[in-house]
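Please read the structure below before turning to the comments.
The values are calculated or read from the model by the stated rules, or taken from the named source; none is laboratory data. Since we're looking at a predicted model, the values are computed, not measured. No Cβ is skipped: glycine too gets one built from the backbone with ideal geometry, and neighbour counts run over all protein chains shown. For accessibility, only protein heavy atoms count, side chains too; no ligands or nucleic acids. Shrake-Rupley method; radii C 1.70, N 1.55, O 1.52, S 1.80 Å.
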Amino acid sequence: MIYLNKTCKYIPVLLFVSLSATIQAQTDSINSKSWVEKSNSYTKILIDIDEKYLPEFGSSQGLAFYDSMVSVPTTANILAKRKEKEDAVAILKEAIPKENNLSVKQDLNILITQSELGFRQEDFEMKKAVSFLNATGDIFRGLQTLLDDQTIPERRKAAVTRVRKYAGLESGYSPITDIYKERTIAKMSKPGMIYPSKQSMQVQLSRNQSIIKGIADLFKKYKITGWEDGYAALKKQLEDYDAWINTNVLPKARTDFKLPPEQYQLALEGYGIDLPPAQIASMAHALFTNIQKEMKPIAAELAKKYHLPSNDYRAVIKFLKKDQLLGDSIIPVYKDHLSKIEEIIKDHHIVTLPERPAIIRLATEAETAQQPAPHMVAPPFLNNTGERGVFVLPLNMP
């Protein structure tokens, strides 16, 4: 289990409850303000726990109070957080029969259901899985929250303290790599544990050098001072940790990329799917077969147009992929297509668009290694002071 990421899995649902309450309030004319405030107060019980154990999340939500703090993902802290969450869920359950407002009851049930799903996912990770704890990726995310264009300069300076704490250079802190190694060794000592996919591990490990370099690039970009010593120590720790993973964990990794059935079912539930995995697999195979049938005539048409030797859709896709957008040529094409899409939306009155243009930028090499697909970096939901969402396109170099 990657502790930093695992905690974040709860966050979208908690934010959704607050946001859905706010949206609902616009159409609820009777006591709307009071029920929204009540619902938000329940949500805050869980969010406060997440911010306590994951200060990086607090920072990402615009709370400067957390900027110089870091997660301490020891097993003891994971268990302490779990106890506080269970106590919080008990409070939410006790509140349901006392609430008369149906919207508040609905939000309470969402919070309880998602929290209990999180407990079951956590139980699987703790008792049955030796997960690859990728320290490099977790640390990069924790620093990128502060070293960002929309973060005010005064807050960026806290990233220096964060680096030193990640490296265990501040009093009371151990290197995060030592914590992750200790947790991994403890799990490996148990019989019958499920190891991560070898292919997935190899991909992540192959990208970590770019991400480590990207940490230094962020400090240089924003002209932060005093980061070099902490970074040098952290860089060596991360490289040594990856070498240890390569030697001790990777040889035991699963060669089968498929998730274990129990983990797969828990993952499906996380997306709100409660159908049996076997039924999902059957439906997916049927859908894939239909898509293949639909692709065949299109592939034949393209093969004829470009005089290709084969009209098999796989060969046609391989041919089409040869023509790639590289480097600085990516952004203009995306902006041009977005402009055309926006015109269609306006002409057909599909939705109301903001007058300001969308923020689209090219990812750095480190960001591309971290997430090599187009994605959106969401702005703070809880303490937003004007920050906006940013669409990030992966860097594609020759």
Matching helices (runs of 4 or more DSSP H) fully within the range 173-263 where at least 1 residues are modelled with pLDDT under 95 and surrounded by 20 or more Cβ atoms within 10 Å (Cβ to Cβ): none
From the options A286, A281, A315, residue that is farther than 30 Å from K127 by Cα and either surrounded by 11 or more Cβ atoms within 10 Å (Cβ to Cβ) or of a type in the set (S, T, N, Q) (or both): A315
Wholly within the range 25-123, helices (runs of 4 or more DSSP H) carrying at least 2 residues that are among the charged types (D, E, K, R): 32-53, 75-95
Output for the range 358-388, where each listed residue is open to solvent by less than 50 Å² (accessible area, probe 1.4 Å), more than 22 Å from I139 (Cα to Cα) and either in contact with a Cys (Cβ under 9 Å, 6 or more places away or on another chain) or not in a strand (DSSP E or B) (or both): A358, E387
Residue check for L320: of a type in the set (A, V, I, L, M, F, W, C) and within 30 Å of the chain's Cα centre (by Cα): no
From the options T43, T113, residue that is surrounded by fewer than 16 Cβ atoms within 10 Å (Cβ to Cβ), among the β-branched types (V, I, T) and either modelled with pLDDT of 95 or more or farther than 25 Å from E262 by Cβ (or both): T113
Qualifying residues in the range 60-81 (those that are of a type outside the set (S, T, N, Q) and closer than 18 Å to F119 by Cβ) - the one nearest to the chain's Cα centre (by Cα): P73
Count of residues meeting criterion [hydrophobic (A, V, I, L, M, F, W, C), assigned to a helix (DSSP H, G or I) and either within 22 Å of P394 (Cβ to Cβ) or open to solvent by less than 90 Å² (accessible area, probe 1.4 Å) (or both)] in the range 334-357: 3
Check on E342, within 16 Å of G389 (Cβ to Cβ), modelled with pLDDT of 90 or more and touching a helix residue (DSSP H, G or I) at 6+ places or on another chain (Cβ under 9 Å): no
Single match in K157, K187, K165 (criterion: among the basic types (K, R) and under 23 Å from the mean Cα position of the chain (by Cα)): K165
Set I224, I215: member being in contact (Cβ under 8 Å) with a residue 12 or more places away in the chain, within 20 Å of P55 (Cα to Cα) and β-branched (V, I, T): I215
